[in-house]
Amino acid sequence: MKHRDHILFWSEATIHSYTQVFFSKNKVLGALLILTTFFDFNLGLSGLLAVVISNLLALGLNFDKHYIQEGSYGFNGLLVGLGLGLYYEPSPAFFVLLMVAMLITFLVTIAVSGILAKYGLPYLSIPFLVGIWSILLAARGFESLGLSQNGVYMLNELYASGDVWLVDSYHWFNSSNIPEPILIYLKSLGAILFQFNALSGIIISIGLLIYSRISFSLSILSFLVAYYFYWFIGADIDALGYSYIGFNFILSGIALGSFFLVPSKTTYLWAFALIPAMVIITAAVSSVFTLVQLGIYSLPFNIIVITFLYVLKLRMKPNAKPEEVRVQLYSPEKNLYERLSNTKRYANFKWQAIGVPFFGEWSVSQGHKGAYTHKEAWQEAWDFVIIDDKQKQYRGTGDYREDYYCFDKPILAPADGVIETVLRGVEDNTIGDANLHQNWGNTIVIKHGYQLYTQLSHLKDSSIKVAKGATVKKGDVIAHCGNSGRSPYPHLHFQIQQTPYIGSKTLEYPLSTYLEKEKEQLHFNFFNYPKEGALIKSVETNKLMSSAFHFIPGRTLNFEVNDGQSTTKITWEVKNDMSNNRYLYCHTSGSKAYFVNDGTLHYFTLFEGKKDSLLYYFYLAAYKVLLGYYDNLEIKEQYPLYLVTNKQLRYLHDFTAPFFQYMRGHYLLNYISIDDDLSPQKIELESSAEVTLFAKSRSKVNFKFSIEESRFALFEVKLQHKTLTAKCVE
């Protein structure tokens, strides 16, 4: 590890160990948290040493440096270190005990995380609880440890640290000038880091506000719900003041309202609804722990949060609200704006892509909940036919199977899979007849994943080209359309199901990446449900575009960029991370643009880095690109708002975003020209990124692509005050 990288690693591992307490990676918040712990120097030093020891243990045992750098192994050690620094005076015995405590906490962290990871659950501060309880119980017989006088001479300590102004601030924040609920809230907030004063709370609240408006609002509202519930049931409200257990309600509100779940009205309601249950649990466990003279610390928070998240995973519809965060960005606002950008855009994270099973243009003769056979448990299916300009399915009189346009047309595998079941040998019916004894006719069932199958029925007799157990790729010809089974006229029956049997109950499941024709205009659909009567067209990829967007690991793209005054050279490289997610990496700016390419569609999923880099503009310009060329086709999308606006512009919007949004980031792609339909040498595309405020345009950036020789020959960015022109020099 280079010296600079070594410094970066340890600085981030340290500061993130503090910010993880609030489910954050915000460095400003981290700096304020470190500052707060050093209001008592011994306590702050103990916490900092605990973080360093914890991370050294993780590094020494060869645990993933990425997780060490994220603070995943340090924040529980930090809490134990702060707690011990509060209770005991510094001494050789204390520092030895601190190291032993970190070993215990680290081992528990690894063990508990391994157990809970099987269920997709966080370990939160369970290691902290085990670590500090173990030491406090055991240390009662350790005579070499001296009890700390922390808090007794707090004013002298503050005076030594910050002169008179700090003492005056301490007095003011702890005076009766502040309403009792807010005063206890601030003290409870400070108590998270074992700082039992309102001044610490106000500093932490400022850091929390800088980090996240959503988390800040939830911290206050969750605490107030607890405060007034104590008052409503007649419980000892002073318990919130002298024991500072209120931080349990603060952390649970942040965790459930905005971090583990996508912020929404539903998450706010659940965060508040669980507060009374936490009050009861807090009172119950406090009674038990009083018998052994131990604090309950964050136990109620752990019980409620882990239990509720586990319950959500047992739902019949795991994607229902409240919805779990699937790609954690360590910011409630980012998680929310990513989710709001386009529900269908992230369908690949919960759906496997199932495409249309045919070439060309077909019509939906019967859709979901159809009028004929798509009823009850079999209602989520489609029947496809081919029609002409006169809406007829056949030539001439239509008396013969061969008169029907769809008869004998190739049927494709809708996705990669394994042939699960094949039924063949059913004769095709004459027009008007139906075989009610062999209802489904010649049929193929394909397994695409766990509890995910497709069924294609009424296939032509003797046309099936696959056998049970065969592996198929998306787009492989597996049979031809026929008229077998309960089929009075040729058509394809297509359904998605959870079990491998012919005639299984259907599953409501969208089709991915297809075009819908309406009034001679094509509309792009990505994970949607074709309606009855819709004209559906499969996507035919364009070789020139597919080659340009064929970003495989190791490929480099070199550009000369001119901004009207100077020319610079920029290099991008295609890489993949530990999870095999591919991204473009800019060597000049250090920026990353993560993307997905399924062979039919290229789309970006995440951007990290500088918002004035060429890669950022390319991310905006090629946000979603269909890899086939269709004249006048438009693709529209919604950007995550945090990527197209600055913090100042959306600051107030962050507070309202879980409930309603008045700002939008709009993406629009237009297919402009192609020089030759059969053998194109040049394709031009134009796109734009626009921010609207109350539906009125606030800002707009225009882009233009010129694709030649399977590369981006020209990429143009039209900003408000200048134009960037990037020429590929591969």
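What follows is calculated from the coordinates using simple rules that are stated; it is not laboratory data. As the structure is a computational prediction, the values presented were derived from the model and not from experiment. Positions of Cβ are backbone-derived with ideal geometry, glycine not excepted, and every protein chain shown enters the neighbour counts.
Sorted ascending by nearby beta carbons within 10 Å, beginning with the fewest, SER699, SER72, SER54, SER679 become SER679, SER699, SER72, SER54. When the chain is described by a simple charge dipole with +1 on each Lys and Arg Cβ and -1 on each Asp and Glu Cβ, the residue from VAL285, LEU606, ASN483 located farthest towards its positive end is VAL285. Subtracting the Cα-Cα distance of GLU518 and LEU314 from their residue separation scaled by 0.36 nm leaves 69.3 nm.
Here CYS481, CYS728 are placed in order of increasing Cβ neighbour count within 10 Å, fewest first, which gives CYS728, CYS481. Adding -39500 (n - 2.57) for every DSSP H run of four residues or longer, then dividing by how many residues the chain holds, sets the calculated 222 nm ellipticity at -11500 deg cm²/dmol. Remark on GLU532: its backbone amide H falls under 5 Å from those of GLY367, HIS368, a criterion applied only to residues 5 or more positions apart or on other chains, H modelled at 1.01 Å from N.
Straightening the chain between THR471 and LYS722 buys 85.1 nm, computed as 0.36 nm per residue apart minus the Cα-Cα spacing. Cβ crowding within 10 Å ranks SER589, SER188 as SER589, SER188, fewest other Cβ atoms first. Checking the table LYS27/LYS65; LYS592/LYS682; LYS409/LYS465; LYS519/LYS682; LYS575/LYS610; LYS27/LYS611 against a 22 Å threshold on Cα-Cα, which pairs fail? Table pairs above 22 Å Cα-Cα are LYS592/LYS682; LYS519/LYS682. Listed values for segment 378-391 are Karplus-derived 3J(HN,Hα) couplings in whole Hz (6.51 cos²θ - 1.76 cosθ + 1.60, θ = phi - 60°), namely 10, 7, 8, 8, 10, 10, 10, 9, 10, 10, 9, 5, 9, 6, and x replaces Gly and Pro. Charged neighbours of GLY360, selected by a Cβ distance under 13 Å, balance to 0 (K, R count +1; D, E count -1). Suppose R0 equals 30 Å. What FRET efficiency, 1/(1 + (r/R0)^6) with r the Cβ-Cβ distance, do GLU89 and THR290 give to the nearest 0.05? That gives a FRET efficiency of 0.70. Peptides 686-692, 621-627 ranked from most to least packed give 621-627, 686-692, packing being the mean of other C-beta atoms within 10 angstrom over each peptide's residues.
Between ILE280 and ASN62, what length comes free when the chain is fully extended (0.36 nm per residue of separation minus the Cα-Cα distance, one decimal in nm)?
74.3 nm
Calculated FRET efficiency, MET99 to ARG698, Cβ-Cβ distance, R0 = 45 Å: about 0.25 to the nearest 0.05. Using θ = phi - 60° in the Karplus curve 6.51 cos²θ - 1.76 cosθ + 1.60, the 3J(HN,Hα) couplings for segment 404-413 round to 7, 4, 7, 5, 6, 6, x, 10, 10, 5 Hz; x is entered for Gly and Pro.
Residue-wise HN-Hα couplings along segment 48-55, as the Karplus relation 6.51 cos²θ - 1.76 cosθ + 1.60 with θ = phi - 60° gives them from phi, are 5, 4, 4, 5, 4, 5, 4, 5 Hz; Gly and Pro carry x. Where [x] 38.9; [y] 49.4; [z] 33.2 are the candidate values, the label of the one calculated here for mean projected area of the Cα convex hull in nm² is [x].
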